[in-house]
Amino acid sequence: MAKFVLIDHSLGGIGGHHYDYAVHVLRAAEALGFKPVLAANRRFRRGHDLPPQCRCYSLFRYHTYSKYTIFAGGQRRLIDPQGESPSEDVRHGKLAHLVQRAWHWIDDQRHRHGPKRRIDDIIAGCGRLFRETPLESGDQVFVPTLSELDLLALSEYWKTDSRTRLADWHLQFHFNIFDGREPDYVAQFHRLEELKLHLERTLRGVPHHRLHFYNTTEQLSAQYNLTGVADFQPLPYPVNSDLFSHGVGRAEDGPLRITCAGGGRAEKGLDELSGIVRGLWDDLLSEGRVQILVQSKSCRLSSRPRFMLPVPPDAETDRCVARPDVTHRQAIVYVKHPLEIEDYASLIRRADIGLFLYDSDRYYVRRAGIMGEYLSAGVPVVVPAGCWLSEQIAESIHQHQQRLADQLQTIARLRGSDVSWRRAEGDCQGERLSFGSDSDPATGEMDVPPGASELLVSFRRVEPSGGGTYVRLAAELLDDHDQVVGRDWHIVGRRQSGAAVTALLRLAEQVRRLRLRWSNAYHESTVAVADVAFDFLSSAVLPGASCPLGSVGLIAGDVSQVPDLIRDMERHYEHYRCSAEAFARQWNKQHDPRRTIETLLSRAADRVAAPRAA
């Protein structure tokens, strides 16, 4: 029986995504006829979730998240091509520069030994692993999370063991090369060159090994393929097939459970959560209509969670609940982190809304594992615009809004050319509307016809044609006296099909005019759109005279919008839950762990090896 060996030196305990990933992949490998083997960190102790026949080895002292890598575990320490950091000097002055130089000197001293210790650790760990379970023809070795330093260490080990040529090695990178979005990449190409040279040097020394390269998203593969040294492909991300929970949903007599799952990091925006609490307190939280569940590690000497929300004084925040099956009397509930697989799956399944306040710049190309779990469980989500998370549900929202245009009564329809648009340099045409950043937008005003309760804006983006560019559509809602009575804005990208992009705005009864402002959401370059249309609709024909704004989930252009988006979900919850459950059926097929294994085996069957540097 061929072996499937999963090596994850960052796997140090039960709970968390490293463990979940290994469990689901190894179960699938065993189901497909492989003998599963797991090699993990020294701190790892076997959990009962692993396949019974899985052999486990706790071998490695270090993990992949290291300041000694090019990407420094997601926090890059890359410098510019001249070896200086001028931006820091300009921002902080000479004193800060001296402090920074001192830290760099200390860091350099550490770097004399740090990388070598990590390389030696992987060489020693792999040596022990494959002495005890020697590789044979047909074996598959999968490293789901590694850095370029880890690859270098593996290559050094491969040179010492000729049997490593018998197996297929599957290597997955999930650290991004570039920050931001595609228009930002040009200024960062020195990062690409640094990685390219490193990969070329590494792979040149192991020309006879069968190596297959992967990333966790299509956008990451596009970045890595710019190196030209290997064929990087996106690998289907395995999700627990037991998560789908048709019929679990909302408790009949309880509040909606708004869940922030996973470990808290700065990039996950937990600091913004207190503002969400204030925005929901008066009408939803204090009335017991919604409840917020937050995962948080406990303090070492008590059960009190490390992360505590500052909330209005009458909130019940002094109780810490360490189980997913919490009572619904508390407005804010803290759930321990991490949880074992069954408890974590229960937390996700029992969520009513998955809330993400993530940094959209950091997550433009990065996958959020928890997002995939909510979608697998059929849980509607609220996510930030302009990133991987929003792209997973954007198409469902566009399709829903187009269906609304057919279902609702059309009060009036305007084309872009019916509106007078202005930019800083003068008038512009509505048939092909162009605009720049927030400092150079296209603006226009229009009357709201009586009886209109929603406005559907649609357009097709013409330029630029590539990814990473998003349109910010902002609206000021004016009353009879031209006073602003509300604001709304949306950040939308492009559709793969090339179909029209949509944005749905809610119009209060007192709104008489709209002032619209179009701009490039994240960059200075000019954007051009065509086929601009405005459909004024009435939802009076619907129950409650209101329609849901989205489907499967909602996208926040800014964190300040989140309370209103949650209100829309609370009002139309059955619609959001049903659409999320329908979405989950297809999502689960795409992310079945067996597909992960089948993709690896397909690459192995093709014998696709990395092109070698000359």
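Taking only segment 538-578 into account, find how many residues are in a helix (DSSP H, G or I), touching a strand residue (DSSP E or B) at 6+ places or on another chain (Cβ under 8 Å) and either surrounded by fewer than 23 Cβ atoms within 10 Å (Cβ to Cβ) or free of Cβ contacts under 8 Å to residues at least 12 places away in the same chain (or both). The number of residues fulfilling the criteria is 7.
The set of residues from segment 166-192 being out of contact with any Asp or Glu (no Cβ under 8 Å at 6 or more places or on another chain), in contact (Cβ under 8 Å) with a residue 60 or more places away in the chain and part of a helix (DSSP H, G or I) comprises E182, P183, D184, R191. Here L505 does not qualify as assigned to a strand (DSSP E or B) and touching a residue at least 60 places away in the same chain (Cβ under 8 Å).
Put simply, of W518, W489 the only residue that is within 21 Å of I397 (Cα to Cα), open to solvent by 10 Å² or more (accessible area, probe 1.4 Å) and aromatic (F, W, Y) is W489.
Scanning segment 580-602 for residues that are more than 18 Å from the chain's Cα centre (by Cα) and outside any helix (DSSP H, G or I) turns up just one, D592. Being open to solvent by less than 30 Å² (accessible area, probe 1.4 Å), part of a loop (DSSP other than H, G, I, E, B), in contact with a Lys or Arg (Cβ under 8 Å, 6 or more places away or on another chain) and at pLDDT below 95: is that true of G467 here? Yes. Within segment 24-42, if we keep just the residues that are surrounded by fewer than 19 Cβ atoms within 10 Å (Cβ to Cβ) and touching a Lys or Arg at 6+ places or on another chain (Cβ under 9 Å), the residue that is farthest from S376 (Cα to Cα) turns out to be R42.
Only residues that are surrounded by fewer than 19 Cβ atoms within 10 Å (Cβ to Cβ), hydrophobic (A, V, I, L, M, F, W, C) and part of a loop (DSSP other than H, G, I, E, B) were counted across segment 205-231, and they come to 1.
Checking each residue in segment 475-504 for being in contact with a His (Cβ under 8 Å, 6 or more places away or on another chain) and closer than 17 Å to G444 by Cα picks out only A503.
Being surrounded by 21 or more Cβ atoms within 10 Å (Cβ to Cβ), assigned to a strand (DSSP E or B) and in contact with an Asp or Glu (Cβ under 9 Å, 6 or more places away or on another chain) is the requirement here; does L455 meet it? So L455 fits the description; yes.
Residues being in contact with a strand residue (DSSP E or B) (Cβ under 8 Å, 6 or more places away or on another chain), acidic (D, E), at pLDDT below 95 and more than 17 Å from C547 (Cα to Cα) are entirely absent from segment 590-611. Of everything in segment 185-204 that is of a type in the set (A, V, I, L, M) and surrounded by 14 or more Cβ atoms within 10 Å (Cβ to Cβ), the residue that is farthest from Q219 (Cα to Cα) is L203.
The values are calculated or read from the model by the stated rules, or taken from the named source; none is laboratory data. This is a predicted model, so every value here is computed, not measured. All Cβ positions, even for glycine, are placed from backbone atoms using ideal geometry, and neighbour counts span all protein chains on display. For the accessible areas, the whole protein counts, side chains as well, though only heavy atoms, and no ligand, DNA or RNA atoms are used. Shrake-Rupley method; radii C 1.70, N 1.55, O 1.52, S 1.80 Å.
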